[in-house]
Amino acid sequence: MAAASALGVASSASAAEASSTTSHGHHSFVPDPTAGVTRTLLQENPSPAEGWKTVQTLVEIPRRKESGRHSHPGVEVGYIVRGDVSMEFDDGTTLRLRTGDPFFIPSDTIHNARNVGTVTTMMLSTYVVDETKPLVTTHTH
């Protein structure tokens with residue numbers, strides 16, 4: 001299913017989590033801050049506007065993990081089902097979101113959802129996006 005691959009569903013284990021040995025024989029551990037983050041596709045439907053689609057996902061972020069900096073080719077309308085989230089934007093603003101809080105992210109706005117609570121965060125996110133583009137574009141520093 002093309003939609004599932006476009007979501008960039010993260011696996012629970014990642015190569016970055018694997019421990020590695022340095023050239024000096026020292027053991028190093030580089031934890032992946034996004035390890036265990038999942039986006040489950042709940043539904044995908046055509047939008048009333050031609051060229052757009054609506055996508056709904058359940059995003060789960062384990063304790064002390066984050067989504068990583070990313071953007072969407074359209075708006076994100078979200079709701080915190082469970083947990084505490086620090087939603088950080090590239091312009092320096094941060095939204096503190098708790099269970100029951102709604103949030104809105106404008107089109108193409110780079111943001112990072114950081115779990116700052118004690119349980120796995122669950123967010124219901126509905127997107128209205130350009131159907132020709134991937135749902136998620138990651139941004140590295």
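The values are calculated or read from the model by the stated rules, or taken from the named source; none is laboratory data. On a predicted model such as this, the values are computed, not experimentally measured, just so you know. Methodologically, a virtual Cβ is constructed for each residue, glycine included, from the backbone with ideal geometry; neighbour enumeration extends over all protein chains shown. For accessibility, only protein heavy atoms count, side chains too; no ligands or nucleic acids. Shrake-Rupley method; radii C 1.70, N 1.55, O 1.52, S 1.80 Å.
Can you work out the accessible area per residue across the range 46-141, with the rest of the protein chains kept in place, probe 1.4 Å, in square angstrom?
Details: 4920 Å² over 96 residues.
Here the per-residue accessible area is 51 Å².
Sort 53-59, 87-93 by the packing proxy (mean of other Cβ within 10 Å over each peptide's residues), most packed first.
Put in order of decreasing packing, that is 53-59, 87-93.
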